[in-house]
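Just so you know, all these numbers are worked out from the coordinates, no wet-lab data involved. The structure displayed is predicted, hence computed values, not measured ones. Methodologically, a virtual Cβ is constructed for each residue, glycine included, from the backbone with ideal geometry; neighbour enumeration extends over all protein chains shown.
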Amino acid sequence: MTLIQTFHGTASNGTPLTAVYAEQPAAAAAFALVFPGSDLPRFVHWGRPLTAPETVINTFDALAPQRVSGALDYTAWPSVLPTQSEAWSGSDRFDVRRDGVELFCKFQVTAIKAETVAAGKTYTMAEKDGYPSWSVASEPKQTPTVTVTAEDVEQCVKLTWTCELDETGLIRQHAEVTNTGEGRLEIGKIELAFSVPADANEILTTTGHHLRERSPQRQDFTIGRFAKSSMIGRPDFDATLLLNVGEQGFGFTHGNVYSAHVAWSGNSVLSAERLPYTTGVIGGGEVLFGGEVGLEHGESYTTPWLVGSYGEGLNEVASRFHGYIRRVHRDWLVDHGIAPKPRPVILNTWEAVYFNHDYGTLTALADKAVESGVERFVVDDGWFGARRDDTAGLGDWQISQDVWPDGDKSLKALADYVHGKGLEFGLWFEPEMVNPDSDMFRAHPDWVLKPTANRLPMQGRTQQVVDLTNPDAYAYIYGAMDKLVGELGIDYIKWDHNKYVTEAVSPRTGRPAVHNQTLAVYRIFTDLKAAHPGLEIESCSSGGGRVDLGILEVADRIWGSDCVDPVERADIQRYTSLLVPPEMIGEHVGASPAHSTHRATSQEMRMAMAFFGHMGIEWNLLKEPQEDIDKLAEWTAEFKKHREWFAVDTAVHSDAADSAVRVDGCVMPNKAAAIYRFTQLTTSQTYPAAPVKLPGLDPDAVYEVSPLDVSLDLAKQDIGNGQSPLGWWTADGVKMTGRALATYGIRPPAIHPAQAVLFKVVRV
């Protein structure tokens, strides 16, 4: 069928109209644009496919506002790039200057190209030995794409706007600005927009801080502007992954939701804005410092992608992002001839030993890791230079002879030992940062971003930021990492990022450098992975920082948070999964009490909370009794049975009326089976907890619901507080329809606070 169509007509006031309609039927998503005369387009539809696309030409007359008193002669109807020339009186969304003077552009469309672009791979999923198996389909990916050329001839600024509807149902738009005149054109901000319906009157974003990332917050979408900026060179713990607007009270399973995301790892803004004269817009873009990006005659700047996702509930919104990023990584594997593999269970040494490295301890820990079912062993901070604590040595990427002397107890010997145990070997780096107390800094003080020749930015964790836009600094960092990957046989890099990127001026150019620094980070990720096929890199930015589609396209996973307390993780992981597929979120079983909060929790709770993501261990197993090691091995083995499906499943979350409980799950693509986790975070108002709904199933199918083996015996685990048996909590379970499970639900077991259980749902 035709995925994109163009229509022409005339408005009642005589304005010539062009309409473009695009849809992806398999994703149940569509959008429509209307171009009045030579103006930039307006979004007039964003949601489900329309049965009569030709009618979108009529939306101009149906939606265009009348002129009213007290304003301009034209009532604002925001385009994809609102400016004052179209009566937009809100915040400036297009900030460009020539010779220091701000330009007020009026863009006239000169060309509209609407086409289906056949490029890129599509995949077919089958089953092999009970697990998903992917193959490249014969037909290329079909992407409805609109490309618009517009220009302000007098002010010598050209705009090329591109919008595409991905096969996942995501809408992606970006703009290229070209200087067609003389004199330097400075770019400040280009904040693209999606129009949203009038009943999208509530905003959901996330906030937080270190050890408490992705905390949800809601507010009314009132008149005015709500904006969340990230101005520290990366999205921070407080950054919202998505800006969501929707019908009052929307949740994971209900309500029309419209979401925006800027696919960029540098400085950016996401905003929602409504004026008294207009419906609302959401959008965002990169934010540039003065002088950071300047265009000479003929030069261009391209914005990051602004990505929009529509869904009936946040679960559908998130599933589109998950599908997109999964395909990006599938493409990388195919393009580089790398065989796909299940997510290896990780043991990371940080909370086990911190800086206290030695051969005997870490080999013993590797032995315990093998007993627990671990497949990847990662040595964290402290192996290099003078790095005995966090005050010195960062930037000296040479193996410390004090800790790892050459010989039979070297770091190479440890890597060989780990490989000999059948484990992958991983190593921690923080390539973007340097301690002033380091050989690198003393030799090259000019390799650091700083506002003036004689003043450094405010320190963070005794660190400064390496200027990766300097080719010499880039070559040193890349060369050191490349050498170690080859010599040690490193399979995995844990890439940390702890220092805020502030006052970020490159000494080479004398200009702010966040934009080019971000591009350099992307390049070093891809350069290393291309040079060492199969190498994986984790993006760990003090835990939960720098989480965005830009970094997700080049990293293999993110570290969800430095807090592995499972009570805190319940919502950290839930709201991180609005953007990130679970298998890309590092979810580790830690110690009790947790190192970050000192909260004591059961081993069952800690393991259950790590079960759906990229499971790992952040725990000194050398100090634990054998029965705990055996229990960990049992849960790890259970995780391995399901992890390949988790990587293709639809992640779902339930909207429980009880704020004390959480229901999260992974549903197979064909809805044949699912695994859910019920978590009792605190005590409930009802006792026992009320029935919980299970989203994502086929409403007309009959399912058998039963506990997962590791959660079957509540008495043995000593996590339940029910004084009589729960009828269905047996190996045989109970049979119910998907509709009943989603509408009325099922009674969860009565368990103590800060406990969780797992159960499966299988179609019969």
Once amide H atoms are placed 1.01 Å from N in the peptide plane, what residues at a sequence separation of 5 or more from residue 234, or on another chain, have their amide H within under 5 Å of its amide H?
501
Can you pull out the GluC sites (Glu not before Pro) in segment 342-405 that DSSP calls coil and that have at most 13 other Cβ atoms within 10 Å?
none
Using a Cα-Cα cut-off of under 18 Å, which aspartates and glutamates could be cross-linked to residue 631, ignoring same-chain neighbours fewer than 8 residues away?
367, 371, 375, 587, 604, 618, 709, 713, 718
Length gain on complete extension for the stretch residue 367 to residue 443, per 0.36 nm per residue less the alpha carbon to alpha carbon distance?
23.3 nm
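Determine the dipole magnitude for segment 654-763: charges of +1 sit on the beta-carbon of Lys and Arg, -1 on that of Asp and Glu, nothing else is charged, the reference point is the Cα centre, and the result goes in debye to the nearest 20.
Once rounded to the nearest 20, the dipole reads 140 debye.
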Please turn the phi angles of segment 539-544 into ³J(HN,Hα) values with the Karplus equation 6.51 cos²θ - 1.76 cosθ + 1.60 (θ = phi - 60°), one per residue in order, whole Hz, x for glycine and proline.
8, 10, 10, 6, x, x
Simple spin-label estimate for residue 75 and residue 455 in nanometres, 7 Å along Cα-Cβ:
5.1
Gap in Å between the Cα centre of segment 603-620 and the Cα centre of segment 68-129?
44
Sorted from largest down, give the three principal axis spans of the alpha carbons of segment 654-763, whole angstrom values.
34, 28, 20
Length released on extending from residue 402 to residue 355, taking residue separation times 0.36 nm less the Cα-Cα span
15.7 nm
Karplus couplings for segment 357-370 from phi (6.51 cos²θ - 1.76 cosθ + 1.60, θ = phi - 60°), rounded to Hz, Gly and Pro as x?
8, 7, 4, x, 5, 6, 5, 5, 5, 4, 4, 5, 4, 4
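How big is segment 93-164 by the Kirkwood estimate over distinct Cα pairs, in Å?
Numbers: mean 1/r = 0.0627 Å⁻¹.
For segment 93-164, inverting the mean 1/r across all distinct Cα pairs yields 16.0 Å.
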If you stretched the chain out fully between residue 182 and residue 341, how much longer would it get, using 0.36 nm times the residue separation minus the C-alpha to C-alpha distance?
51.9 nm
Among 438, 133, 265, which comes first, second and so on when ranked by fewest other beta-carbon atoms within 10 Å?
133, 438, 265
Separation of segment 475-489 and segment 267-344 by C-alpha centroid, Å?
31
If I model a spin label at residue 333 and residue 519 as a point 7 Å from the Cα along the Cα→Cβ vector, what separation in nanometres do I get?
3.1
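How big, in percent, is the set of alpha carbon pairs in the chain lying more than 48 Å apart? If you can, show how the numbers build up before the last one.
Working: 59766 of 291466 pairs.
More than 48 Å apart: 21 percent of the Cα pairs in the chain.
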Mean projected area in nm² (Cα convex hull; one quarter of hull surface) for segment 446-561
7.3
Simple label model, 7 Å out from Cα along Cβ direction - residue 704 to residue 217, nm:
4.8
Table column - 3J(HN,Hα) (Hz), segment 574-588, Karplus curve with 6.51, -1.76, 1.60, x for Gly and Pro:
4, 7, 5, 6, 4, 10, 9, x, x, 5, 9, 9, x, 10, 10
Which FRET efficiency, nearest 0.05, do residue 726 and residue 622 yield, Cβ-Cβ r, R0 35 Å?
0.40
Return the long-range amide H neighbours of residue 110 (sequence gap of 5 or more, or a different chain), with a cut-off of under 5 Å between placed amide H atoms.
149, 150, 151
